[in-house]
C-alpha cells in the first residue's frame, strides 16, 4: 500500500484511512455530511495525490493527444485545460482525464489513480509518432481546494490574481511560498475552487499554509467519501462506476466531449453510434420515498421487470434524498419517467431527472 506525502498528517488529524487505488487514503475526518456541507458552504481541502500525471512533450505531442482522446485538443490554448476521455477499440473507455496545455510542445495529462499503469501502457502503445512521454505520478502531489470561499481564502498566499483564473484555465505561479506551482481552476465538486499541483517535497508546506490561510474561512480537511457525494450531486461520472471499458461516451452522456473533427481511436464506430442512437443510456434519478440507492442495485419497471442497474447512488446531504446514476434501456430513459430501484426486497419509486441534482 502506497502512502501520499501527506498520509502521516491525515493520520495525525484522526482521519479514517482506507485502501483506495493502491494508496492509503483518508475516507473521512469528522463525517461525510459535515465535510460535504463545509465544501458547499465554505471550503475544504482534499489530498488527491494518488491521481496520475503524464507529460507529453515535443513537436508531435498534439498529434498523439488527438489520436488517443475524443475531444478536440487543437482547440485548447496555452494555460487552458480540457476534460476528455480515451476510447478503446471496442466501444468502451480506457479512462476519462483532464489535459493541460502549457505550450504547443508541452502538455500534462491527469488520469485516474486506479488506471495509471493501464493508461501509460495504452498511450505508449499508440505513440507511433514518437512524442516524448514522462510519467511523473510518483513525484507530484495534488491538492483540491474546493468551495465558494476558495478564491477569497487563498488570495493571501499567492501573488496571482485568483479571481482572474477562469474555469478550466490555469497558471504556473507562486503559491504558499513555493515557486512554479500549477494553480488550476478545475475540480470535481461543482462548488468552485482550485487544484494545486506541486512536488511531493513541497506539498507539506503548501498544506500547512492552505490550512492557515483558510482558518478564518472555515476550512476543513475533506475525505474521499464526501468527494464522492459532492461529485454525485453534480452528476459527474466516476470511472469504474458510471464509465468503464464497456461503456461508450455516447451511452454515458459524454457526447459533448466526443468531437468528430479529426480521427481518433474508434472514432468511426462512435460517430455511427451518435448518428444511429444507442440501446442504453446513463440516467440520473431521485428517489420519491426514503431509501438509499447503491451501486449494483437493479432498476425495474412498474411490473418489477429489470430494465437496468444503478452505477452510483447515495443519500444526498444537500437535498436530503436518495439520488443516483444508472443505465437503462433507451426506451425507459425519458426525463420524468417513473422507475423503481430495488432496495433489498422493496422496489422504491424514483423519477428520472437531468443532473446536476444540486443546483446552486
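Normalised by the number of residues in region 61-211, the average gap of Cα pairs under 8 Å and 6 or more apart makes the relative contact order 18 percent. Build a GNM of the chain with springs between Cα atoms under 10 Å apart, and of 294, 227, 344 the one that fluctuates most is 344. For region 52-135, the fraction of alpha-carbon pairs lying more than 16 Å apart is 44 percent, rounded to a whole number. Set the Cα radius of gyration of the chain against 2.2 N^0.38 Å, with N its number of residues, and you get 1.00. Normalised by the number of residues in region 52-135, the average gap of Cα pairs under 8 Å and 6 or more apart makes the relative contact order 41 percent. Computed over the chain, relative contact order equals 17 percent, with contacts defined as Cα pairs under 8 Å that lie 6+ residues apart.
Here, each number is a calculation from the coordinates, and none is a lab measurement. No experiment lies behind these values; they were computed from the predicted model shown.
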